[in-house]
Amino acid sequence: MMNNLKLGVEVVSAHDLMPKDSEGAANAYVELHFDRQRFHTTVKDRDLNPYWNESFYFNVSDPASLPEMTLEAWVYHVDRVKNSKSFLGKVRIAGTSFVNISDATVLHYLLEKRGIFSRVKGELGLKVFLTDDPTVRISDPVTEFDNLMSTPSEASNPIRENQYTTNIPTRAFQHLPRDNHTFPQQYQQQMQQQQPYYTSGSMPPPPLEVPGPSQYPTGDNMRQEPPQPSILRMFSSSGQQPIDYQLKETSPTLGGGQVVGGRVISRNKPGTYDLVEQMLYLFIRVVKARDLPAMDVTDSLDTYVEVKLGNYELKTRYFNENSRPEWDEVFAFPRERVQASVLEVRVKDKDLLVDDFVGRVLFDLSEVPIRVSPDSPLAPEWYCLQDKDGDKKKGEVMLAVWIGTQADEAFPSAHHADSIPIDPSIASTHIRGKVYPAPRLWYLRVGVIEAQDVFVPEKTRLPEVFVKLRLGNQIIPTRVAQSRNANFQWNEEHMLVAAEPFEEDLTITIEDRHNVSKDEVLGYVHIPLSQVPKRGEDRMVRPQWHPLKRQALIDLDQLKEDKFSSRIHLKLSLDGGYHVLDEATQYASDLRPTMKQLWKPPIGVLELGILNINGLHPMKTRNGRGTCDAYCVAKYGQKWVRTRTIVDNLGPRFNEQYTWDVHDHATVLTVGVFDNCQLAEKSLTNSDGHSHHKDHIIGKLRIRLSTLEAGRVYTHTYPLLVLHGSGVKKMGELHLAIRFTVTSLVNSLYVYTRPLLPKMHYLQPLSMMQQDRLRLFAVQIVAQRLSRAEPPLRKEVVEFMSDAHVHLFSMRRSKANFFRLTSVLSGPIAVSRWFSEVCAWKNPVTTVLVHVLHVMLVCYPELILPTIFLYMFLIGLWNYRYRPRYPPHMNTKLSHADSAHPDELDEEFDTFPTSRGLELIRIRYDRLRSVAGRVQTVVGDVATQGERIQSLLSWRDPRATAVFLLFCIIAAITLYATPPQVLIVLSGFYMMRHPRFRRRLPSVPMNFFRRLPARTDSLL
């Protein structure tokens, strides 16, 4: 296939360039470099703010390596007298930031230095996009540098106005974490030819090493006992944590080998599917049938296939009156639970009373071939049907039978024998594992300025006019404006949350408030979000007038008096420079901005292996006994994953592996376990086939990535703790294997110096009330979109995973945060008590040594700071021996979950607003809870800051502690060699520096500090 993929670069303008000539100006031009191709713009003489508006098109030689390519834009000054050029700055854009032309917008990049001594300032405006339009031609080759010395020429490749007036029809999922490069359709086809794409299942199954044929048991010896992981150590973040609630480190044998102490001892060559136990499955693919005999008097045939293996019986869907049906369904039987030696495939005719037997095919399991991924799929074959006596009958069925593992590409879409529901016709869609891409969220900024010529029918009173913004379920009213004439002003700015694809329009209505319960609509306007401009930075948006439509008929005489139609002045923009918070801030799993052009390359890869659940508590009763239909949900970034549901099993084994790209290790992975309550009978389901019951919560755990060592495999069993009105309860133990791999150590350390959130959060910060309101809107949108998937990820699951109600007041959490604060302050309190004992001469030897140390520090003040940093460095080295070897987990003592009063738990699980008491009590109670919730948040934030200080030397975040220790030893040596007077002068000058040398973004130490871990991850 011919490659038509091209990279378009529109050089718009530059601002505030560095003067280079004697007149304080510069002759600027831009030189573009990409994929061994070079183009340049025209030269703009004597202009520090030049405008080019020129476009260039590069040929992409290898689309598969596009994410590793970079575009470089070099800005130069031309000196025609000396026949030379001077460097003004450069811009580097990674290939991961390239988007389609329909999503591209002009971004202004700060010019970077070429070296340490380069003098650079200003910014360059570029619009970078990808296109596969065959009518677009590659730009002309670059001219020689000598030609630039002449007078400026016209633009070599101007923009064609009507070149891209239609949108590309391909729907691009730019928010997928793994495939975060959205390219034109032709490029996607090329990528699919190079690497297979799997449209269903839990994840693309990579190759896995499978034992040879001699290692597979056959016949009656097919049953395998699952390997039991040996428990090595038990950990607890508190000495008072109950033993049953502690973390247990295991040493299981996974696909890559046995895990011992975080290292994998591989016996064979490991594959990429190496964080789960190897499970063998017998796969049967039923494709189609032909030439089937007629079984009824009417010569009709309602065929389906029944696969029988031991006690297992699985069925395909049936076709009405079809003798050549095509099913193309796959069934999977776990080898360890199969006791039969013969596989029977029956073809039947569905009837009202008893289904008719058409024919069957028998397979000896000892002769079934073994398929090792990534071999090509096994080719199905035609098999002649036989009767019950073994004689040949009319008709053939196309089948494929093989033995494989969970790495097989048929595994995600197969019907699993251990996941067959009670009624397959109702709940077959609710048991499969899937990957859910979360919707891409935007902040919609609406500035309501004024309205003109607003007709108010009632002239006997002063109108109270306000504007109501509506987007889906989000409704925000403005304040009431009053005016004697028909013009009203508000000058307010509001924020809403929008999700791609934009399915709903923004509705703006102007209403007149007659009384508390009656509002009259005076006019309205519908604005499609696809017409709202997008911006990724703090740029001015030009307001526009929008005509209003009148909802009801108006008097004709009044229409004659109105010379102008009603209109409203609005300022609209989709702000892609923010990160839309759809989860609690302290548990955020993604901190990137919405606009993809602002994304940085990933710094690592997170791999999660969900192995099994031990000792699961029964969640419901079925056939007179307790049972549970468990499945797991994992969330990180914009990617949600759900395992298959293991039906009627209190010890389910999943052994499914998932992968995410990591852009910031100050993020949290959340894993939850739920009981599937959608496997109900038809009488208990609605018209959509969904049950009215909510999925039961079994437990949840959170793992902060910064607390994980790079390259180590963490295999632990996590207690599944859930809080009820009666207290905390353990529901089981979840066995996980986690590995965080850092692709570049330099980039991972550089992340500590960057702001925690995108810069728009600091240039135009949102208030706390705005953040809480927008976060609730975002959670509702995500829950609504994911509930429309198949199988749906229900609303209660999304809200529980996103901690949607964590901001509500809880006396238990308030106590926990208060004691966290007292724990942080216990160090200074202990020092003050020790000093009081020194002053009281309780230990004379200690008091004398303190006097000697005091005299030495007074005589040699230059030793104070080096001694402090050296002391901290030695403490950090000493604590290295006792550094945590396990991820943080839920702590019932820290959460005060085991000592909470029943009345406190009743208050915590109460609805908001409350359902207790009379109306007056309800109002006061809600007000108290609202105020107390903010106090609780403040106390928790203060405790978090103190815990981050403690984590500097605790090796909770090994990379941060190593960087801080390195800083301490360097600071100790530097401060020892530098006179303190010089440091005091420099510190004073730095604190009183000119505003020109200040940045609006947080400093590097503050960015480093905010990325340190705290104990919030261990709170229930």
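The values are calculated or read from the model by the stated rules, or taken from the named source; none is laboratory data. Because the structure is predicted, anything quoted here is derived from the model rather than measured. Neighbour counts run over all protein chains shown; Cβ positions are idealised from the backbone, glycine included. Heads up: the accessible areas ignore ligands, DNA and RNA and are worked out on the full protein's heavy atoms, side chains in. Shrake-Rupley method; radii C 1.70, N 1.55, O 1.52, S 1.80 Å.
Before moving on, here are some points about what is shown:
- Search result, residues across region 647-682 that are closer than 21 Å to R335 by Cβ, outside any loop (DSSP other than H, G, I, E, B) and open to solvent by less than 10 Å² (accessible area, probe 1.4 Å): F654, N655, E656, Q657
- Of the residues making up region 2-45, just one is basic (K, R), modelled with pLDDT of 90 or more, in contact with an Asp or Glu (Cβ under 9 Å, 6 or more places away or on another chain) and open to solvent by 20 Å² or more (accessible area, probe 1.4 Å), namely R38.
- Contact map, region 863-875: residues that are farther than 12 Å from L952 by Cα paired with residues that are surrounded by fewer than 15 Cβ atoms within 10 Å (Cβ to Cβ), Cβ distance under 6 Å, separation 6+ or inter-chain. Pairs shown: I864/L857; P866/Y976.
- Residues in region 612-644 that are part of a loop (DSSP other than H, G, I, E, B) and either among the acidic types (D, E) or under 23 Å from the mean Cα position of the chain (by Cα) (or both): D629, G637, Q638, T643, R644.
- Verdict on D941 being more than 15 Å from Y752 (Cβ to Cβ) and out of contact with any Gly (no Cβ under 8 Å at 6 or more places or on another chain): yes
Okay, residues lined up against (1) outside any strand (DSSP E or B); (2) surrounded by 20 or more Cβ atoms within 10 Å (Cβ to Cβ); (3) over 26 Å from the mean Cα position of the chain (by Cα):
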| residue | (1), (2), (3) |
| --- | --- |
| F87 | no, no, yes |
| V91 | no, yes, yes |
| A104 | yes, yes, no |
| G115 | yes, no, yes |
| K121 | yes, no, yes |
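- Some residue of region 738-750 being open to solvent by less than 10 Å² (accessible area, probe 1.4 Å) and in a strand (DSSP E or B): yes
- Boolean, L110 is crowded, with 20+ Cβ neighbours inside 10 Å and either modelled with pLDDT of 90 or more or of a type outside the set (D, E) (or both): no
- Restricting region 507-525 to residues that are within 13 Å of R550 (Cα to Cα) and not acidic (D, E), the residue that is nearest to the chain's Cα centre (by Cα): I508
- Count of region 61-85 residues which are without any contact (Cβ under 8 Å) to a residue 60 or more places away in the chain and part of a loop (DSSP other than H, G, I, E, B): 5
- Pairs, first at pLDDT below 90 in region 545-570, second open to solvent by less than 50 Å² (accessible area, probe 1.4 Å) and not in a strand (DSSP E or B), C-beta under 6 Å, six or more apart: F564/D453; S566/D453; S566/V454; S566/L548
- Listed by first and then second residue, the pairs with beta-carbon distance under 9 Å, at least 6 apart or on different chains, first residue in region 747-773 and free of Cβ contacts under 8 Å to residues at least 40 places away in the same chain and over 17 Å from G604 (Cα atoms), second open to solvent by less than 50 Å² (accessible area, probe 1.4 Å) and of a type in the set (A, V, I, L, M), are R773/I476; R773/M495.
Residue by residue, here is whether (1) touching a His at 6+ places or on another chain (Cβ under 7 Å); (2) closer than 21 Å to N59 by Cβ; (3) at pLDDT 90 or above holds:
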{"position": "Y76", "(1), (2), (3)": "no, no, yes"}
{"position": "R80", "(1), (2), (3)": "no, no, no"}
{"position": "R92", "(1), (2), (3)": "no, yes, yes"}
{"position": "S97", "(1), (2), (3)": "no, yes, no"}
{"position": "G125", "(1), (2), (3)": "yes, no, yes"}
{"position": "F129", "(1), (2), (3)": "no, yes, yes"}
{"position": "P134", "(1), (2), (3)": "no, yes, no"}
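- Residues of region 762-773 include none that is crowded, with 19+ Cβ neighbours inside 10 Å and modelled with pLDDT of 90 or more.
- Residue in region 783-794 that is in contact with a His (Cβ under 8 Å, 6 or more places away or on another chain) and either free of Cβ contacts under 8 Å to residues at least 24 places away in the same chain or not polar (S, T, N, Q) (or both) present: yes
- The residue that is modelled with the lowest pLDDT, among those in region 336-360 that are closer than 14 Å to L309 by Cα and open to solvent by less than 10 Å² (accessible area, probe 1.4 Å), is V338.
- Some residue of region 810-830 being in contact with an Asp or Glu (Cβ under 6 Å, 6 or more places away or on another chain), of a type outside the set (D, E, K, R) and not in a helix (DSSP H, G or I): yes
- Complete set of residues in region 865-894 that are under 24 Å from F740 (Cα atoms), of a type in the set (S, T, Y) and open to solvent by less than 50 Å² (accessible area, probe 1.4 Å): Y886
- Here F488 meets each of (1) among the aromatic types (F, W, Y); (2) in contact (Cβ under 8 Å) with a residue 40 or more places away in the chain; (3) farther than 25 Å from Q780 by Cβ with one exception, condition (2).
- Sub-9 Å Cβ pairs linking a first residue in region 286-301 that is among the polar types (S, T, N, Q) to a second residue that is modelled with pLDDT of 80 or more, at least 6 apart or interchain, are S300/D349, ordered by first then second residue.
- Unique residue being among the acidic types (D, E) and surrounded by 19 or more Cβ atoms within 10 Å (Cβ to Cβ) when the list is E862, E908, E947, E919: E947
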